[in-house]
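Nothing in this text is a laboratory measurement; each read-out follows from the coordinates by a stated rule. Fair warning: this is a prediction, and the values are worked out from it, not measured in the lab. Please note: Cβ atoms are built from the backbone with ideal geometry, for glycine as well, and neighbour counts cover all protein chains shown.
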Amino acid sequence: MREFVGKVAIVTGGAQGIGRCIAQMFAAAGAHVCIFDLQDNPYFVGDLAKEDDLRTFCGKVVADYGRVDFLINNAAPLFKGLPDCSWQEFNYALQVGVAAPYMLTCLLREHFAPGASIVNISSSRDRMSMPGTECYTAAKGGIAALTHALAVSLAGRVRVNSISPGWIETRGVVYSGADASQHPAGRVGVPEDIAHMVLYLCSEKAGFLTGENICIDGGMTHQMIYHAEHGWKLDEK
């Protein structure tokens, strides 16, 4: 982990949940962590959907450190969809989930250090859905596609990869029974499962990886579940 000492890591949505775990892991490894979040945090409070906030944030990072080694686009878009997601809300989700990561990359393009890495946090919902999640799913699908586009455009300068988390419990709840057994890994995920992969993708060990999406979901998207399997039974009421 010594390779992260003194490096500069940006983590959007780093004030809570998976983002906070990523930020803490980078800090423990000796990196300077620059959080961008709507919630209170030690570095920058702002709205990713506002271009002025993006520009102000990037200006602050460059003024403070002069370079960026790692950009982690983790901030979550709105979790809404049919029938009550408005035009404004849908576009806001895309601004936070897709446009902001693109704009941050544009604004920081000339300041990425040699060996820099971008990691975008998508979701297993980029390949599967449930009712009423259209704006969230569209944003997560968008960031997964943006990943390979940026990897090609930034070839030779910045590696770009994405992670698609499955069910990650961020409140410390431990699940058992059907909730755990539906995962081939035998448990629900925790933020550290994602943070460890983020740091790996930013490390020299992943130097030949770019443009890839890695799904970390305990195998859940590969598990076919029918009636009376893996602890689940059809509610016939």
**Fill in**
Among (i) 20.4, 64; (ii) 18.2, 62; (iii) 23.1, 75, the entry matching Rg and Dmax of the Cα atoms in Å as calculated here is (ii)
**Message:** Taking 0.36 nm per residue of sequence separation and subtracting the Cα-Cα distance, how much length would be gained by fully extending the chain between residue 225 and residue 39, in nm to one decimal?
**Reply:** 63.1 nm
**Complete:** For the chain, longest principal axis from Cα atoms; helix 17-28 axis from its Cα atoms; angle between them, nearest 10 degrees, is 40
**Complete:** Per-residue ellipticity at 222 nm attributable to helices in the chain (runs of n ≥ 4 DSSP H, -39500 (n - 2.57) apiece, nearest 500 deg cm²/dmol) works out to -10500 deg cm²/dmol
**Complete:** Counting only backbone N atoms under 17 Å from a point 7 Å out along Cα-to-Cβ of residue 91, the residues of segment 34-60 in range are 48-52
**Complete:** The helix 134-153 Cα axis meets the longest alpha-carbon principal axis of the chain at an angle in degrees, between 0 and 90 and rounded to 10, of 40
**Item:** Alpha-carbon centroids, segment 1-44 and segment 78-142: separation in whole Å
**Value:** 19
**Item:** Percent RCO, i.e. relative contact order, over the chain, from Cα pairs under 8 Å lying at least 6 residues apart
**Value:** 18
**Request:** Just subtract the alpha-carbon distance of residue 82 and residue 129 from 0.36 nm times their residue separation and send over the number in nm, one decimal.
**Result:** 15.7 nm
**Item:** Dipole magnitude of the chain, debye to nearest 20 (Cβ charges: Lys/Arg +1, Asp/Glu -1, about Cα centre)
**Value:** 460
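Please give the contour-minus-distance gain from residue 109 to residue 145: 0.36 nm per residue of separation, less the Cα-Cα distance, rounded to one decimal in nm. Numbers along the way, then the final one.
Working: separation 36, 0.36 × 36 = 12.96 nm, distance 1.90 nm.
That pair, residue 109 and residue 145, stretches by 11.1 nm at full extension.
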